[in-house]
Amino acid sequence: MTDSALAAASSQISAAQAGIPQIKAFFDEPTFTVTYVVHDPESLRAAVIDSVLDYDPASGRTSFSAAEAVLAYVEEKGLSIDWHLETHAHADHLSAAPYLQQKLGGKIAIGEHIVTVQETFGKLFNAGTDFERDGSDFDHLWKDGDRFRIGNLDVTVLHVPGHTPACIAYVIGDAVFVGDTMFMPDYGTARADFPGGDARTLYRSAMRLLSLPPETRLFMCHDYLPEGRKDYVWETTVEAECEANVHIHDGVSEDEFVVMREARDKTLAMPRLILPSVQVNMRAGHLPPAEDNGVTYLKIPVNAV
């Protein structure tokens, strides 16, 4: 079967002049997350991808240092924000999309399969009937193969599940923002043991991305500074991943990958912020509604995950 969305993304990349999207990365070391501001240099229209809200789990306090750095850059460059794009419902940081939307405008968007995540975690957190599980907390839900523009930049959406059911990648000009599907070649691929995750599906999603043209630039959502490397990095290429990714380089079969990934996932601890993160991010970055005493609470289910 022809993969029309992938074909469109490949054509878009081949047609783009290298460097057309202007990309600014903001690395948040406490969560090892990379937020991106991507803009069209002609129109100055822009998108923010995977923003971070500072959260201290010991005190339960939120703050805005990471988001303020993004805000300052946008204002310095005179950019107009059209979109706050999420690659998935993150389990390692809280999204700052609502805060940045309030300051900068733009729409908050994620993949349409967020409804699966909302259903699963809505039950876990006993969110009740007031929590809609239809994606309506977001301004827009993307389908695989959707195309849109940021100024003069062409964008193609690719559904790349496996880490979560709702993971998507954004192909913007000649650059792809891959979310947690994969990491730098010396770190490998994302875990696939969260609810709705699947190692075999992750392999197929990664292979889909790695079938893009070799020169395609790939931008990671995280870097965890593996042993032997001193500096955080987050940009690579399809060619580099195919040659050297420690989990999924050329020659690694689907069955080999699944055996490796499932065994490795059994050794991993849960992310430090998974429980607060998911119940916020499934709401498009909004905190749960305040209770009758005026206080907002994040629930910690005991012995449930």
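The structure shown yields Cα Rg over 2.2 N^0.38 Å, and of the options (1) 0.96; (2) 1.03; (3) 1.11 that calculated value carries the label (1). Fewest neighbouring Cβ atoms within 10 Å first, the residues K24, K266, K77 line up as K266, K77, K24. The sum of -39500 (n - 2.57) across all DSSP H runs of n ≥ 4, divided by the residue count of the chain, sets its helix-only mean residue ellipticity at 222 nm to -8000 deg cm²/dmol. Summary of the geometry: the range 28-75 and the range 220-262, compared by the centres of their Cα atoms, lie 25 Å apart. Take every Cα pair under 8 Å whose residues are at least 6 apart in sequence, average their separation, divide by the length of the range 4-273, and the relative contact order is 17 percent. Listed by Cβ neighbour count within 10 Å, with the fewest neighbours leading, K230, K103 appear as K230, K103. Only beta bridges with both residues in the range 4-273 are counted; by DSSP, about 70 percent of them are antiparallel. Among the GluC sites (Glu not before Pro) in the range 180-283, those placed in a DSSP loop whose Cβ has at most 14 other Cβ atoms within 10 Å are E215, E227. Relative to its Kirkwood radius, the Cα radius of gyration of the range 133-240 gives an Rg/Rh of 0.98.
Summarising the amide proton neighbourhood of T87: residues at separation of 5 or more, or on other chains, whose placed amide H is nearer than 5 Å comprise D50.
Converting phi to 3J(HN,Hα) with the Karplus coefficients 6.51, -1.76 and 1.60 and the offset θ = phi - 60°, the range 195-204 yields x, x, x, 6, 5, 5, 5, 4, 4, 5 Hz in sequence order, with x at every glycine or proline.
Past 21 Å, Cα to Cα, is the threshold; run K24/K143; K143/K299; K123/K299 against it and keep the listed order. Checking Cα-Cα distances, K24/K143; K143/K299 exceed 21 Å.
Coordinate-derived values only; no laboratory data. These figures come from a predicted structure and were not determined experimentally. Cβ atoms come from the backbone with ideal geometry, glycine included; neighbour counts cover every protein chain shown.
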